[in-house]
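The values are calculated or read from the model by the stated rules, or taken from the named source; none is laboratory data. Note that this is a predicted model, so its numbers are computed, not measured. No Cβ is skipped: glycine too gets one built from the backbone with ideal geometry, and neighbour counts run over all protein chains shown. Protein only, heavy atoms only, side chains kept; ligands, DNA and RNA dropped before computing areas. Shrake-Rupley method; radii C 1.70, N 1.55, O 1.52, S 1.80 Å.
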Amino acid sequence: MKINHNYDNIKKSYLFSEISHRLRDYTAAHPEADIIKMGIGDVTLPLAPAVVEAMHRAADEMGRKETFRGYVDDNGYDFLINAIKGYYSTFGVDLDYWEIFVSDGAKSDLGNILDLFDADNTVLVTDPVYPVYVDTNVMAGRKVIFSNAAEQNGFLPMPDPDVHADIIYLCTPNNPTGAAYTREQLKVWIDYAKKNGAVILLDSAYEAFITDPDVPHSAYEIEGAKECVIEFCSLSKTAGFTGTRCGYTVVPKALKADGDLNAMWLRRQTTKFNGVAYVIQRAAEAVFSPEGQKQIRENIAYYQENAKILMNGLDRCGIKYFGGKNSPYIWLKCPGGMGSWEFFDKLLEEANVVGTPGEGFGENGKGYFRLTSFSTHEKTAEAMERLYKMLG
Ligand code: PLP
């Protein structure tokens, strides 16, 4: 028996354990400290009432002989696939029923999609980045190259015509930087992918936070995208499904490859995945109902108000930042040329506020820091007040 030694090459993920370690040490020494956590990437508001009601109804159906359901249909129940199809049509995107695949969230599909690609592919990832893209490829022994996101390009790197890539990951709006590509910028990536015979794996987990009309909600709003983009979306941040688990992936039939990726993905999923629970798919369907949309929009607006409080607070402190406008994340430049961990310690010790050091997301995160808008209005405002006082 030989184990997969590619796992030896995965970088140790110490970011969140190091944060909790430092926090534990600090609170042990200062038990009276009133800590405000502004670093978590998880939602805090509960599920919308329409979603909970749908789950109750579906649970009751499962308890009656006449309405009980067993194994799920191929790529999801028709009521949910049609709801997702309807949602895409609000962006002017027409998807075929069989291009939409219901999943238990974006993370699983982002990892599992790699089953469709040979190990001998060059993978391009922007840095800083959601670590899943890199780790899943290193696990499979693929070569990963990086495209630098930095202040000079507004944390939105564009393709380098001299660099060849086969698989390209784009996360827009981005975790951790909050930056989002405009239609025009995304079109440049699409043209590059087509020229290189590459596929773009586009993670749109934060699509629901977009406010800028120039930023597309789906890559398929752009001409040519169906030939080279697989899009991953999730109800985690859109509708508070981080613990409920449901998402969707679009694998267009028009994708250009030396095989039928849509048919391969259906085959992969029906072989290795038995679908998302009926109760959860009914809950997800409710997200797309008029009542559900109204309710989830209220929650998103609450988080967006927090983002505004953060942006105003940072402006007042004279701190440079990115994101916030189309995303629940604010990516700030550590003041006074401080390193990410140096700023983390100072903020913890002097303001009792916890955030996420940027270097945990890649080399280019050094000297940057991530704050999230998933707290309450009161705590967010208080955190900004403390930061202002700390900087004197
Ligand atoms: N993609 C990005 C960029 C994320 O930040 C996250 C979660 O934080 C995910 C995907 C995971 O989404 P899901 O909960 O649907 O697995």
> Do any helices (runs of 4 or more DSSP H) entirely within the stretch 78-153 hold 2 or more residues that are closer than 18 Å to Leu201 by Cα and in the same structural domain as Trp265 (by TED's automatic domain parsing), and if so, which?
Replying inline: 106-112, 132-139
> Which is in the same structural domain as Ala33 (by TED's automatic domain parsing), in contact with a His (Cβ under 8 Å, 6 or more places away or on another chain) and either of a type in the set (Ser, Thr, Tyr) or farther than 19 Å from Leu47 by Cβ (or both), of Glu363, Glu305?
Replying inline: Glu305
> Just checking, how many residues over the stretch 346-384 are assigned to a helix (DSSP H, G or I), out of contact with any Asp or Glu (no Cβ under 7 Å at 6 or more places or on another chain) and closer than 27 Å to Gly154 by Cα?
Replying inline: 10
>> Suppose we filter Ala165, Ala149 for residues that are more than 16 Å from the ligand (Cβ to nearest atom), open to solvent by less than 10 Å² (accessible area, probe 1.4 Å) and at pLDDT 95 or above; which single one remains?
In response: Ala165
> Does Phe343 qualify as being within 24 Å of Ala150 (Cα to Cα), aromatic (Phe, Trp, Tyr) and outside any helix (DSSP H, G or I)?
Replying inline: no
> Out of the stretch 103-122, which residues are open to solvent by less than 30 Å² (accessible area, probe 1.4 Å) and either touching a Pro at 6+ places or on another chain (Cβ under 6 Å) or within 16 Å of the ligand (Cβ to nearest atom) (or both)?
Replying inline: Ser103, Gly105, Ala106, Asp109, Leu110, Gly111, Ile113, Leu114
> Quick one: in the stretch 64-102, which of the residues that are farther than 25 Å from Gly224 by Cβ and among the polar types (S, T, N, Q) is nearest to the ligand (Cβ to nearest atom)?
Replying inline: Asn82
> Given Val279, Val229, Val215, which one is more than 16 Å from the ligand (Cβ to nearest atom) and open to solvent by less than 40 Å² (accessible area, probe 1.4 Å)?
Replying inline: Val279
